[in-house]
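The values are calculated or read from the model by the stated rules, or taken from the named source; none is laboratory data. Every value quoted in this text rests on a predicted model; they were computed, and no experiment measured them. Cβ atoms come from the backbone with ideal geometry, glycine included; neighbour counts cover every protein chain shown. Heads up: the accessible areas ignore ligands, DNA and RNA and are worked out on the full protein's heavy atoms, side chains in. Shrake-Rupley method; radii C 1.70, N 1.55, O 1.52, S 1.80 Å.
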Amino acid sequence: NRGRHANMLALYKQVSVLPKGVELSVGGGNALAHPDLSSFLVKIKNLGLIANLTINHKHIKKYKKLIKGLLYTDLIKGLGISLTEASEEELNDIRELKAISTNIVYHVICGLTSIAVLDNLLDYDKKAKILILGYKGFGRGEDFYNEDVESEIHRWSMYIPRYIGKCVLSFDNLAIEQMDVKRLFTSDGWDKFYMGDDFNFSFYMDAIKQTYAPTSRSSCRSLWTNIKDYFINNRTLLEI
């Protein structure tokens, strides 16, 4: 959000009413650049909430000491690393992090990169955990969307069956929709693995604009009030 930092005190007041065990996925921007990130994560842990962090692979070198500290002290349970491509030096940095935690997931965006990125990851890491994200065609994504992106999404859809069973592979709901992932499963298999529609168990918070939304791609945004009331009341409206 143009380099602005979130108000962590306001964010803490929001999430402090949540029950223990709720998972918070922290991202950016570059969340590592926030001066209050570590102290916020300490407070989150003391509340019994679970924090995961998503970073860009380009930030690992600069913030490696900080990231290691967060992993060693268990302030984050999982680390997502967004990748387009990575140099050998960056891959070596990731190896150092994987020596601390096995709960590291590579994030790749279908349509933004070639599906060959999966081969590259598996060549580097035979036990890779990979999350495939759909291409968001709004905001900055709208500016870059073109026929090449559309063709690449189609290629992902065609070739993704080759990777099922080769690694721990997961998809966000947008990727499931864009690649029609459901077609690859039996009815029983789908019921077993599908984790539910957006806004059933999760929702999005913009900590800078201080708004809620069903997902990060939702155009309907509500200003912060009471976090539990927002989730319960708006889910009820969707079910009516």
*How many residues are part of a helix (DSSP H, G or I), open to solvent by 60 Å² or more (accessible area, probe 1.4 Å) and not aromatic (Phe, Trp, Tyr) when one looks only at region 185-208?*
4
*Have a look at Lys129, Lys98 and point out the one that is more than 29 Å from Asn234 (Cα to Cα) and under 17 Å from the mean Cα position of the chain (by Cα).*
Lys129
*Are there any helices (runs of 4 or more DSSP H) wholly within region 62-164 with 2 or more residues that are open to solvent by less than 40 Å² (accessible area, probe 1.4 Å), and if so which?*
88-98, 116-124, 147-159
*Kindly check whether there is at least one residue in region 172-188 that is aromatic (Phe, Trp, Tyr) and closer than 23 Å to Lys126 by Cα.*
no
*Does Ser87 meet the test of being small (Gly, Ala, Ser), modelled with pLDDT under 95 and within 30 Å of Ile115 (Cα to Cα)?*
yes
*Positions within region 20-55 being assigned to a loop (DSSP other than H, G, I, E, B), open to solvent by 60 Å² or more (accessible area, probe 1.4 Å) and under 22 Å from Thr73 (Cα atoms), in sequence order*: Lys20, Gly28, Pro35, Asp36
_Close pairs from region 192-210: first under 17 Å from Glu177 (Cβ atoms), partner open to solvent by 90 Å² or more (accessible area, probe 1.4 Å) and not in a strand (DSSP E or B), Cβ under 8 Å, at least 6 apart_ = Tyr194/Lys182; Met195/Phe201; Phe199/Leu238
*Among the candidates Gly111, Gly28, which residue alone is closer than 30 Å to Ile153 by Cα, touching a residue at least 60 places away in the same chain (Cβ under 8 Å) and within 20 Å of the chain's Cα centre (by Cα)?*
Gly111
